[in-house]
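I have placed the structure first, in the form of structure tokens, so that the comments after it can refer back to it.
The values are calculated or read from the model by the stated rules, or taken from the named source; none is laboratory data. This one's a predicted model, so the numbers in the text were calculated from it and none came from an experiment. Cβ: placed from backbone, ideal geometry, glycine included. Neighbour counts: every protein chain shown. The accessibility values were calculated without ligands, DNA or RNA, using every heavy atom of the protein model including side chains. Shrake-Rupley method; radii C 1.70, N 1.55, O 1.52, S 1.80 Å.
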Amino acid sequence: MTRVRFAPSPTGMFHVGGARSALFNWALAEQSGGTFVLRIEDTDAARNRPEWTEGIISALAWIGISGDSPYFEGPYFQSAYEQAHREAAVKLLKDGRAYYCTCTRDDVKARTGSEHQGYDGYCRDRGLTEGAVRFRTPDEGVTVVDDKVRGRVEFPNAAMEDFVIVRGDGSPLFVLANVVDDMEMRITEVVRAEEHLSNTPKQQLLWEALGAQPPVWAHVPVIVNEKRQKLSKRRDKVALESYRDEGYLAEAMVNYLMLLGWGPGDDREIMPWSEMMPLFRLEDVNQSPAFFDEKKLRAFNGEYIRALPLDVFIARCDPWLDPSWDRGLFAKVAELVQTRVALLSEVTANVDFLFLEEPVFDQASWDKAMKPGAAEILSGYAERLESVSWDPESLKVALEEVGTAHGLKLGKAQAPVRVSITGRTVGLPLFESIAVLGRERSLDRLRATLAKLS
Ligand code: GLU
């Protein structure tokens, strides 16, 4: 029975790399009818905050990973199992696999002459009964980590110091707590970020020393920005929540994240979860860093938006529209909006002109459109709008004629009209917009611009 886990530490915003690891695990659980355990590794009390835990849980739910699914178990909180972590250390002490140590960093430095030297084993056989607890690593041989992504990785034991598993104050370290929890939770596959590969030989030794069969390991590649630098929260936009809040669709995000380091083996890219999930194999995950390309993600999102049935698109736009805006009016332009936006957050600026008393004028658009001659176009068009037949085609022909009378092509003649109607030089098709806005409101807007220009 496959039991995987996702074990984030709530020390900041939820990173897209974490989301990618979670999805890989989620795919393994779902394709096998197994279990995905969410374990919040909250033992570092100084760095954890409850709102970050809530952020993780809600961001996971956004990408479809939640207790609503039969594969989901948890969340468990690592801090609740400290007793079990300590008991494991006691067992290792009893079995002679660990020992107490009272050396300070300065002691080790004084003996070895270097700050960078590992622990020298001074307390190994002193038979102390208190202090920090160190794991006794083998002196010779190698520890082999068979990693599903990295292959066979060998770690010479001589280079591995006797590492601390419980601090002098009795608090267990990550390396131990993480193993004990994985054992207690009967985890069969540990799929996590590459940065933990260096912990793995130690953890594998702990599994063996505690008398258990280590899990299958898989360390997934780092995610980098366009400069090939590891994505960092100080430099890059890494929070999954910020993508959600910018109007990315969860299904596009899931699709894109799954392709960071994995692919279905052909050149398909746009694939819903239901098609990707059964194809996912750890063996097919790349070792090389995965480039997080926001432009590509945006393009994915546009495709997902355009593929939505119109009524679903309308429903998904709802949170982006002011509650006071007339939904019936929005429905009249929704199809035009759907073909134009890549993010749901872009919907607002495309349609606000319909709902506001006066459009939001963008200064740069205004300056560009209101060149000499603009007033003549606006007054000529206003005159035509009073009586023209009210459909996009007639509205267009009328402006063409006004333009021709002033020696302007339609493109040029449109600019002042568009800015008067919508406030901006770019947006929905102009004549459809005027048609939906209606005769009186359109005329009012042209006249208001004329008043400003004179
Ligand atoms: N809590 C660790 C982290 O957030 C995860 C460790 C693991 O997945 O084993 O990096």
### Summary
Restricted to the stretch 46-61 and to residues being more than 14 Å from the ligand (Cβ to nearest atom) and open to solvent by 60 Å² or more (accessible area, probe 1.4 Å), the residue farthest from Leu257 (Cα to Cα) is Ala46
### Task
Give the residues of the stretch 5-21 that are open to solvent by 40 Å² or more (accessible area, probe 1.4 Å) and either part of a helix (DSSP H, G or I) or within 20 Å of Met183 (Cα to Cα) (or both), sorted by residue number.
Ser9
### Query
For the stretch 240-258, how many residues are open to solvent by less than 10 Å² (accessible area, probe 1.4 Å) and among the small types (Gly, Ala, Ser)?
2
### Query
So which of Arg327, Arg268, Arg316 ends up being at pLDDT below 95 and of a type in the set (Lys, Arg)?
Arg268
### Message
Considering only residues that are within 10 Å of the ligand (Cβ to nearest atom) and surrounded by fewer than 21 Cβ atoms within 10 Å (Cβ to Cβ), which ones fall in the stretch 22-41?
### Response
Glu41
### Task
Say whether the condition of being at pLDDT 95 or above, touching a Ser or Thr at 6+ places or on another chain (Cβ under 9 Å), of a type in the set (Ser, Thr, Tyr) and assigned to a helix (DSSP H, G or I) is met by at least one residue in the stretch 33-53.
no
### Task
Could you list all residues from the stretch 193-227 that are near the ligand (Cβ under 10 Å from one of its atoms), open to solvent by 50 Å² or more (accessible area, probe 1.4 Å) and touching a helix residue (DSSP H, G or I) at 6+ places or on another chain (Cβ under 7 Å)?
none
### Summary
Arg152 vs (1) out of contact with any His (no Cβ under 8 Å at 6 or more places or on another chain); (2) part of a loop (DSSP other than H, G, I, E, B): all pass except (2)
### Task
Would you be able to tell me the number of residues in the stretch 396-451 that are small (Gly, Ala, Ser), under 41 Å from the mean Cα position of the chain (by Cα) and farther than 21 Å from Ala334 by Cβ?
3
### Task
Quick one: in the stretch 146-186, of everything that is in contact with an Asp or Glu (Cβ under 7 Å, 6 or more places away or on another chain) and farther than 24 Å from Arg5 by Cα, which residue is nearest to the ligand (Cβ to nearest atom)?
Asn157
#### Entry: Contacts under 9 angstrom Cβ, first residue in the stretch 185-204 being part of a helix (DSSP H, G or I) and at pLDDT 95 or above, partner open to solvent by 20 Å² or more (accessible area, probe 1.4 Å) and within 11 Å of the ligand (Cβ to nearest atom), 6 or more apart
Asn199/Phe174; Gln203/His196
### Query
When the residues of the stretch 63-84 are filtered to those that are out of contact with any strand residue (DSSP E or B) (no Cβ under 9 Å at 6 or more places or on another chain) and within 15 Å of Asn25 (Cβ to Cβ), which remaining residue is surrounded by the most Cβ atoms within 10 Å (Cβ to Cβ)?
Ile63
#### Entry: Number of the exception - Tyr381 against (1) without any contact (Cβ under 8 Å) to a residue 24 or more places away in the chain; (2) surrounded by 15 or more Cβ atoms within 10 Å (Cβ to Cβ)
(1)
